[in-house]
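What follows is a short report on a single structure.
The values are calculated or read from the model by the stated rules, or taken from the named source; none is laboratory data. Treat the numbers as computed from the prediction; the structure is a model and nothing was measured. A quick note on method: Cβ atoms are made from the backbone with ideal geometry, for glycine too, and the neighbour counts reach across all protein chains shown. Protein only, heavy atoms only, side chains kept; ligands, DNA and RNA dropped before computing areas. Shrake-Rupley method; radii C 1.70, N 1.55, O 1.52, S 1.80 Å.
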Amino acid sequence: MEYTLNNEYLNGLMQKTIAKNPSEPEFYQAVHEFLTSVEAIIDQHPEFISEKILERIIEPERVIMFRVPWVDDKGEIQVNKGFRVQFNSAIGPYKGGIRLHPSVNLGILKFLGFEQIFKNSLTTLPMGGGKGGSDFDPKGKSDREVMAFCQSFMRELCKHIGPDTDVPAGDIGTGAREIGYMFGQYKKIRNEFTGVLTGKGLTFGGSLARTEATGYGLCYFTSCMLAKKGTSFAGKTVVISGAGNVAIYATEKAQQLGAKVVALCDSTGYVYDPDGIKLDIVKDIKEVKRQRISEYAKQVPTAKYEDGCHGIWSIPCDIALPCATQNELDLDAAKTLVANGCKVVAEGANMPSTPEAIAYFQANGVYFAPGKASNAGGVATSGLEMSQNSERLSWTFEEVDAKLKSIMESIFKAADETATKIGHEDNLVMGANIAGLLKVADAMLAQGVI
């Protein structure tokens with residue numbers, strides 16, 4: 001893909017970014033989308049150029065890389081790479097998840113951390129942007145092996161994080177088990193009990209509704225999109241990719257709001273149930289037994305299973321919610337969705353739609369929401385967990401859920417109103433990028449060259 005822009009200054013900045021960060025295509029994609037949005041306002045903000053605001057935002061404040069040695073159940077030493085990218089702290093301590101997956105590399109974490117700056121800004125909470133992780137794969141590992149890795153990972157990471165410095169959270173491969181092991185090790189090393197991690201268990205500082213937050217928040221945001229078009233989830237057919245935490249709870253909330261979710265997938269393939277997904281069966285398969293989604297078709301006579309994930313987008317639907325991984329929804333999938341009558345696409349994962357797919361949606365009347373806006377519910381509730389930890393309080397599920405719903409509605413309002421103000425109504429990509437940028441830029445300008 002060619003990453004070019006019409007504005008000479010922004011195009012030069014894009015080319016410098018590519019030259020300075022070789023072999024990081026996901027990072028280029030995120031920066032290009034951001035700069036394309038900035039083109040609409042760059043002439044009104046000469047201070048962005050004179051004060052090098054964009055150059056400073058694109059360059060992480062700090063990148064930490066380290067080795068993670070641990071001993072497996074056979075007594076053999078294994079070595080993984082560990083990372084933490086502390087991107088921008090202008091509006092608060094760095095905040096972003098820890099991803100544990102074989103695909104993790106510096107470029108992917110920089111893309112995720114960069115997106116996190118604007119996502120966190122949109123939540124209205126005081127959180128900067130960061131991301132971390134390792135190429136360790138928790139799948140197939142025993143609890144003891146996962147603990148050994150997490151403790152080794154935290155022995156180095158603990159030097160660089162803290163409740164007022166950097167507050168990591170969960171992400172792909174990092175659930176309550178992993179967060180628990182990491183928190184325990186941090187507490188032992190630092191001899192302090194603080195809200196240094198979010199996504200903790202409820203018995204040691206975790207927040208109710210955190211598990212549900214990203215999926216629920218996605219549906220609250222999508223409800224705002226539908227309401228603007230004079231409709232709702234009620235009676236709609238929904239296809240959701242993924243079968244992890246985000247997909248499961250997006251399914252749950254969509255069903256509560258009256259929709260029929262007919263498909264889910266994991267890395268091996270997808271299931272289609274025309275009668276609607278039976279969520280209790282999915283939860284048992286994925287959350288309790290940790291099995292593949294193909295088991296669903298064995299238990300539900302109305303369902304069918306197909307190998308491979310891409311075919312999920314061939315299922316006719318009114319609403320598509322990609323909740324699996326980056327670049328899962330390409331141009332061919334976008335064309336198929338449009339041909340089958342899909343009217344709304346909202347991202348539950350980080351950057352799951354390719355630039356070509358997004359452009360096709362926008363050119364063909366599909367109302368599209370980028371993940372930095374529509375999937376911000378997870379980090380928003382992480383921010384609420386930080387608040388509860390600071391106050392030594394625990395809010396009810398209903399209190400947290402109400403605050404989450406309010407935050408998602410405010411994110412939609414900010415993105416929608418900003419898009420309209422700059423003359424690009426319904427372009428939530430531009431609206432989210434610019435609304436997020438303006439808050440961060442104001443803070444950076446106020447704090448000087450740091």
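With springs only between Cα atoms under 10 Å, which of GLU391, GLU59, GLU212 fluctuates most in a Gaussian network model of the chain?
Fluctuation is largest for GLU391.
Ratio of alpha-carbon Rg to the 2.2 N^0.38 Å globular estimate for the stretch 297-450, to two decimals, please.
The stretch 297-450 yields a ratio of 1.25.
In whole Hz, with x marking every Gly and Pro, tabulate ³J(HN,Hα) for the stretch 326-338 from phi via Karplus 6.51 cos²θ - 1.76 cosθ + 1.60, θ = phi - 60°.
So the J values, rounded to whole Hz, are 5, 6, 7, 10, 9, 4, 4, 5, 4, 4, 5, 4, 5.
For the stretch 403-413, what does the Karplus curve 6.51 cos²θ - 1.76 cosθ + 1.60, with θ = phi - 60°, yield as ³J(HN,Hα) per residue in whole Hz, taken in order and with x for Gly and Pro?
Going residue by residue, I get 5, 4, 4, 5, 5, 5, 5, 6, 5, 4, 4 Hz, with x marking Gly and Pro.
Sorted by mean Cβ packing within 10 Å, highest first, what order do the peptides 49-55, 128-134, 379-385 take?
128-134, 379-385, 49-55
Using a 1.4 Å probe over the heavy atoms of the protein chains, calculate the carbon and sulfur portion of the accessible area of the chain as a whole percent.
Roughly 51 percent, rounded to a whole number.
Please give the Cα centre distance for the stretch 294-336 versus the stretch 1-44, rounded to the nearest Å.
The stretch 294-336 and the stretch 1-44 have Cα centres spaced 32 Å from each other.
Mind checking the dipole of the stretch 59-154: about its Cα centre, +1 per Lys or Arg Cβ, -1 per Asp or Glu Cβ, Debye to the nearest 20?
200
Kirkwood Rh, the chain, all Cα pairs: how many Å?
Final number for the Kirkwood radius of the chain is 22.1 Å.
Keeping every protein chain present and rolling a 1.4 Å probe, give me the accessible area per residue for the chain in Å².
Using a 1.4 Å probe on heavy atoms only, each residue of the chain averages 39 Å².
Using the Karplus curve 6.51 cos²θ - 1.76 cosθ + 1.60 with θ = phi - 60°, what ³J(HN,Hα) values do you get for each residue of the stretch 420-437, in whole Hz, with x for Gly and Pro?
5, 4, 8, x, 10, 3, 6, 8, 6, 5, 5, x, 5, 4, 6, 4, x, 5
When you count, for each residue, the other Cβ atoms within 10 Å and take the mean per peptide, how do 311-317, 277-283, 370-376, 140-146 rank with the highest first?
370-376, 311-317, 277-283, 140-146
Let me check against my output: what whole-number percent is the relative contact order of the chain, with C-alpha pairs under 8 Å and at least 6 apart?
Relative contact order comes out at 15 percent.
List the residues, sorted by chain then number, that are 5 or more residues from ILE172 or on another chain and whose placed amide H is less than 5 Å from its amide H.
For ILE172, whose amide H was placed from the backbone, the distant partners under 5 Å are LEU100.
With each run of n ≥ 4 DSSP H residues scored as -39500 (n - 2.57), what mean residue ellipticity at 222 nm is computed for the chain after dividing by its residue count and rounding to the nearest 500 deg cm²/dmol? Please list the in-between numbers first.
Details: 17 runs with 206 residues, N = 450.
When only DSSP H runs of four or more count, the value is -14000 deg cm²/dmol.
Suppose we keep just the alpha-carbon trace of the stretch 166-241; what are its Rg and Dmax in angstrom?
Using the Cα atoms of the stretch 166-241, the pair Rg, Dmax is 17.5, 54 Å.
Could you work out the equivalent-ellipsoid semi-axes for the stretch 1-148, taking the square root of 5 times each eigenvalue of the Cα gyration tensor, largest first, in whole Å? Intermediate results must be reported in sequence, preceding the final value.
On the way: eigenvalues 242, 55, 26 Å².
So the three semi-axes of the stretch 1-148 are 35, 17, 11 Å.
Post the alpha-carbon centroid distance, the stretch 421-436 to the stretch 220-246, in whole angstrom.
Distance between centres, Cα-based: 20 Å.
Rounding to the nearest 20 debye, state how big the charge dipole of the stretch 307-399 is about its Cα centre with +1 on each Lys and Arg Cβ and -1 on each Asp and Glu Cβ.
The calculated dipole for the stretch 307-399 is roughly 200 debye.
Could you please tell me the mean projected area of the C-alpha convex hull for the stretch 371-450, averaged over all directions and given in square nanometres to one decimal?
For the stretch 371-450, averaging the hull's shadow over all directions gives 6.7 nm².
Projected onto the charge dipole of the chain (+1 at Lys/Arg Cβ, -1 at Asp/Glu Cβ, origin at the Cα centre), which of VAL271, ALA333, VAL167 gives the Cα projection farthest towards the positive end?
In the chain, that residue is VAL167.
Rounded to the nearest 20 Debye, what is the dipole magnitude of the chain about its Cα centre when Lys and Arg each give +1 and Asp and Glu each give -1 at the C-beta?
For the chain, the charge dipole is close to 1020 debye.
Could you list which residues have their amide H under 5 Å from that of ASN88, counting only those 5 or more apart in sequence or on another chain, with H placed in the peptide plane?
Those lying under 5 Å, H to H, from ASN88 are GLU61, GLY129.
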